[in-house]
Amino acid sequence: MSVTFARRCSLSYNKEVNRRTLILAPLAGLAFGAEAPKSVVRGKFAAVGQLATPKGKVKLSGDPETEKVLGDPRLNGMDIEALGRFTKDREFTISPIHERAIWAYQGGQRLMVTYWCDVCYIRTYAPGECWCCQDDTKLDLKDPNSKDPTP
């Protein structure tokens, strides 16, 4: 009899916990985990970490890998689009590098900002030395819809 009672209590307890979880978890997500919608900023890459837009200069920042891209002088003067969030009036935080949040426009075409090692055939998304041969990677703007076999 005590086994049956224990089993019946545990089943009813789990049902109540599941109901509470189904009702409270989405509400908690809205209250604590809600993020502002992503914004897009586009303009000429003016200097390290700055974008010249029609409304004025915007200071860009991001995670460490994104900061490497923002420090690349090869992007100076390019038409750049960044995805992320405005943190202040003239400050924009770019989404993490794995979200492919930095794009360049060339000839009216939207291209991913990537870096390529000609020696090892390795593509990266931040500038610097190739992790294999230690040679410098070159800026390689890539059409995301191309049939190029490289990732």
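In a shell of Cβ-Cβ distance under 11 Å around residue 43, excluding residue 43 itself, what net charge do Lys and Arg (+1) and Asp and Glu (-1) give?
Counting the neighbours of residue 43, the net charge comes to +2.
Which of the lysines could a cross-linker bridge to residue 55, judged by Cα under 18 Å and excluding same-chain residues fewer than eight apart?
Residue 55 reaches 44, 88.
So, R0 is 22 Å and r is the distance between the beta-carbons of residue 38 and residue 139; what FRET efficiency does that work out to, to 0.05?
0.35
The numbers here are math on the coordinates, done by the rules we state, and not lab data. A quick note: this is a predicted structure, and the numbers were derived from the prediction, not measured. Glycine also receives a Cβ, built like all others from the backbone with ideal geometry; neighbour counts cover every protein chain displayed.
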